[in-house]
Amino acid sequence: MANNSYSGVKNSVAEPNHDGEFGCSLKELRSLMELRGAEGIYKIQESFGDVNGLCSRLKTSPVDGLSGQPLDIDKRKEAFGQNFIPPKKPKTFLQLVWEALQDVTLIILEVAAIVSLGLSFYKPPDSESKNCGNAAGGVEDEGESEAGWIEGAAILLSVICVVLVTAFNDWSKEKQFRGLQSRIEQEQKFTVVRGGQVIPIPVAEIVVGDIAQIKYGDLLPADGVLIQGNDLKIDESSLTGESDHVKKSLEKDPLLLSGTHVMEGSGKMVVTAVGVNSQTGIIFTLLGAAEDDEDEEEEKKKKEKEKKKEKKNKKQDGSVENRKKAKAQDGAAMEMQPLNSDEAEGEEKRKSNLPKKEKSVLQGKLTKLAVQIGKAGLVMSAITVIILVVLFVVDTFWVQGLPWEKECTPVYIQFFVKFFIIGVTVLVVAVPEGLPLAVTISLAYSVKKMMKDNNLVRHLDACETMGNATAICSDKTGTLTMNRMKVVQVNIADKHYKKVPEPDVIPASIMDLLTVGISVNCAYTTKIMPPEKEGGLNRQVGNKTECALLGFAMDLKKDYQAIRNEIPEEKLYKVYTFNSVRKSMSTVLKNADGSFRMFSKGASEILLKKCFKILTATGEAKVFRPRDRDDMVKRVIEPMASEGLRTICLAYRDFPVSEGEPDWDNENEILSRLTCVCIVGIEDPVRPEVPDAIKKCQRAGITVRMVTGDNLNTARAIATKCGILQVGDDFLCIEGKEFNRRIRNEKGEIEQERIDKIWPKLRVLARSSPTDKHTLVKGIIDSTVLEQRQVVAVTGDGTNDGPALKKADVGFAMGIAGTDVAKEASDIILTDDNFSSIVKAVMWGRNVYDSISKFLQFQLTVNVVAVIVAFTGACITQDSPLKAVQMLWVNLIMDTFASLALATEPPTESLLLRKPYGRNKPLISRTMMKNILGHAVYQLTIIFTLLFAGEKIFDIDSGRNAPLHAPPSEHYTIVFNTFVMMQLFNEINARKIHGERNVFEGIFNNLIFCSIVFGTFVIQIVIVQFGGKPFSCVGLNIEQWLWCVFLGFGCLLWGQIISSIPTSRLKFLKTAGHGTQKEEIPDEELEELDDLDEIDHAERELRRGQILWFRGLNRIQTQMDVVSAFQSGISFQAAVRRQPSSTSQQHDIRVVNAFRSSLSPYEGLEKPESRSSIHNFMTHPEFRIEDSEPHIPLIDDTDAEDDAPTKRNATPTPPPPPSPNQNNNAVDSGIHLFLDPSKPATPSTPGSPMHSLETSL
């Protein structure tokens, strides 16, 4: 075959219009892939003859694939492109700097500093001779008035520092995300045939002409044409929006598209388009074009403020939304997915809209807290400025009774500027801009470290949600067990063997049936490879249950590979692949005489019902009656299952020639009258570390439930071995059928209160379908039995687990055994498939929460003290004891360094000894409040003592009431130095938030913390000794230094005193930092918020009026549309869903743009699609489950159930009437690109991927 195909090519090279050396051009292949079904088949026949003709034109062999020589591969990449879509350019460092500069407080400071600078250079001619009030301090030293510019310059310098630090953090975060991205890309492999060998290669290496093997659960990485397929069904909803699975076959529809999911079956395809030329790639390119257009238009609009808002808004609408829908969740899409363009966007704008994802509890609480603190700070700073100005004016013009001299104006202005700067400094210190930074650092650090613990986090906040988890629903196979299956017991030829028998005790006729049945009726992608290391275990590749059977054949000294070479995959007549409904797999072979033989394997209790004969010790088949079957179940299957074995029945059936060819589509008829060959018991040993991990979970207040497809006895045995069930507990273990019976009412509908009766006691759900898993998860999450809402984590590996993974608060997919679809739907990927890694995730999640609380405790103490000191100092001495530059330095250590130091504390086992916090726990507990106020009292006492009596204690000049440009005083330097020392020691106190005594415990495990504390100390010495005028400091002698350090050290001693006071006595302390409670919200808003879990506070603060206004507009708009639609006799559907048909891509883009800009008023509001703006590393296929058909999960691309609760800007868009193809159940606002080829846009481009751009607004 291979030779003919190659020789055929040589003649076709000479044909015109072909790309260089290949028999067909890029354009031809692209136009072929745009067709569907019959048109595609016609085009293949017309242009290439058949699929083999296409292969020969592409110089590839359907059997042996490409040669795999680098030269050939490079040529193909050159001619047809690489399987890679270039990502969007990351933000440059300068862009990030510019964005950091947009911070309001910083801008105010810059302005103040520049004014101050300007005034210090302006010297009025004879201001010296005039007396402008004694506040000005009379005549100054020449040198000192010269140095007036220093303060302004120093403020500017410190602003630059803050900006650079922020920008650097954002930049390194972006870099980390890209690293994570590329790691995910590298891990994504796909199986192709090269040089006759089946090898996995990275998705980016796939080229046109490759022969790729596709199987259940794959996400296709490129477009191709089917060469051979068994029972192949594809979910194309990500491209077409059709939720029904499409059957693919050589006769009907052989065209396979990138980004679609294989839901059933297996096969081989020849790759015809990769990267930007594949169907998904074309959509990406269009989206890219749309975004570029926008940027150009924006350049023209120089309305600065508008521009900023719109851009943020557009980026978030455009990129995330379209990425979610149209970017057609794609296998290469990890390759193809340009990294979130708005990560940085979302992050830099952190301050204004932190909770970008409705799910994250922590961010909701933090934003609310930050807003409250910010308001308080603003009030304080305003009062400070007013008091200073009033005092100055009264003192100068009233008490001293001076007239306003014209020459004195600049001097007075300088005073006012100084007051203003003091006010701004109070504000800067009050606003905890370190909060968002601490969250980001803490999450990013955890994510990085979790990689080492085999958790690949795909959505940042999943990590924090995990700390609140109260329930884990785990799979059994591979997660709790080792997923190294082995046949340990066999019932064959009337005998039961407790271990694998010797080959010679089995009759030869049975032996042949057994070995051929096993070899042929297991997926050809499943095989057993020699071990990687000497003396290791054999490697099991593919489905582990099948590996166990192949291993069984090898234990019987038979070579399955020889049989497979004899009967290659092409010779299999028909294959019924395994799926969750059939629970069995069958393969049909055609014999030489025209008869057929079918081999079947499957769950024993299901397959035995289909058997009517069984092979005996002589090799003959005897009748197998229902009562024999019941006897077999009791005698063989139940004992095996109670030992935790999975039982599999192997059977066969002959179709004699006389009966003619059976009707292969009538499955029930085909899969009956089988002859049972044997029953095997497969053991999957429990992972050694699992029982311990489950104990930890139970101690930590997390309930572990096992949801498995195995039978009840096996599941119960394994659950007992793992420790999920303890002897003597009254817990439920039920099967899926029973579960469904108990939760449904007479009409067959699921009732929440029925689920509520079951789930608290349920520990094992056996023989469950994917729908049961989803129902259980949804039931637990929606339950209101306990006062805390349950936070559920789910593990899954199969394609059918997708819906449950999406529904759960945190979805864990298996990195090794998991299918691409499961990984796409998950939040965290377990790279080692191990349950104990989930426990690590819980630990990290709790640690994030604690890190934030530690930082808050530290930050708020400093805030309270600094604000009070600046305020009272300013009011009493008309000058802040802590100067602007000093405040900025304190701000830097408090915010940036402390957030780094405290957010990177490693987790300890003790985190697992407490119950989960739950969603309503305040960020600042009573204990923390006690610590904050307690330490504030100590620090204020010390500072005020130093301020008003310091000169007497240390016997130095007083620094109070100094003139405007007076030199720095020792007095104020000591105040500043002591203040910083107290912060440093308090940072050590802040490491413990639950009132522990030993604050040094484990301090050396955190090198970052130690180095930051030490580094800050060194810099402080430098500032004090050599800071001079800019920092308003004077060098101190050793005795003064020791006093400063001693007073700082007092913090630690004071901390011990505070922790001795029992918190329970201090009833008057309030907690702070709750999420918004339901009672605080006006009724009309509650109606919309009913389905939200969390409430976005920033949005509520700012947008209330806007929402109402747009809601009104929107209603009027919809009503007008409806009226006009009825007038013109169009269906209502057209009114809600406007359909621009287009003749060119340009037009499509304009439409998208128009809609985006029409959305700009919603600029601050959350779009449901952007709910994971920062975190959405990858696009998610969205799932919807139809409850009316309990067995088959329909996987659809718009998720009615999941998106409804996240409707942020509840603009009542009437949902469109259900259209027949079910693709438009869009419940969100925002733009969707549905690519729906059922409605050709114009005759001229019948196959363009942008057939219609459905925009439901």
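Observations on the structure shown:
- Using a Förster distance of 30 Å, the FRET efficiency for Val390-Val111 (Cβ separation, nearest 0.05): 0.85
- Computed about the Cα centre, the dipole magnitude for the stretch 750-867 is approximately 280 debye when only Lys and Arg (+1) and Asp and Glu (-1) carry charge, each at its Cβ.
- Applying 1/(1 + (r/R0)^6) with R0 = 30 Å to the Cβ-Cβ distance of Lys622 and Asp555 gives a FRET efficiency near 0.65.
- Label zone at Gln1056 (point 7 Å along Cα-to-Cβ), backbone N below 20 Å, the stretch 1001-1041: 1001-1004
- Extension gain, Leu250 to Val657, is 143.9 nm, computed as 0.36 nm per intervening residue step minus the present C-alpha separation.
- Length gained when the stretch Val999-Met451 is fully extended (0.36 nm per residue, less Cα-Cα span): 194.4 nm
- Charge tally around Gln1040: other residues with Cβ under 12 Å, Lys/Arg +1 each, Asp/Glu -1 each, net -3.
- Where labels lie 7 Å past Cα in the beta-carbon direction, separation of Asp957 and Val581 in nm: 9.3
- Label point distance in nm, Lys1070-Ala562, each placed 7 Å from Cα along Cα→Cβ: 8.4
- Annotation: peptides 736-743, 662-669, ranked by per-residue average of other Cβ atoms within 10 Å with the highest first, follow the order 736-743, 662-669.
- Take 391-399, 700-708, 723-731 and order them by the average number of nearby Cβ atoms within 10 Å per residue, most first; the result is 700-708, 391-399, 723-731.
- Members of Lys368/Lys823; Lys695/Lys930; Lys601/Lys737; Lys448/Lys761 lying beyond 31 Å, as alpha-carbon distances in this model show: Lys368/Lys823; Lys695/Lys930; Lys448/Lys761
- Centroid-to-centroid, using Cα positions, the stretch 974-1050 and the stretch 620-665 are 77 Å apart.
- Packing-based order for 500-513, 858-871, using average beta carbon neighbours within 10 Å, highest first: 858-871, 500-513
- Gain upon complete extension [Lys721, Glu749; 0.36 nm per residue less C-alpha separation]: 6.5 nm
- Inter-label distance, nm, simple model (7 Å from Cα along the C-beta direction), Lys375/Asp50: 7.6
Any read-out appearing in this document is the output of simple, stated calculations on the displayed coordinates, not a laboratory observation. All values derive from a computational prediction rather than experimental measurement. In this analysis, Cβ positions are derived from the backbone assuming ideal geometry, glycine residues included, and neighbour counts consider all displayed protein chains.
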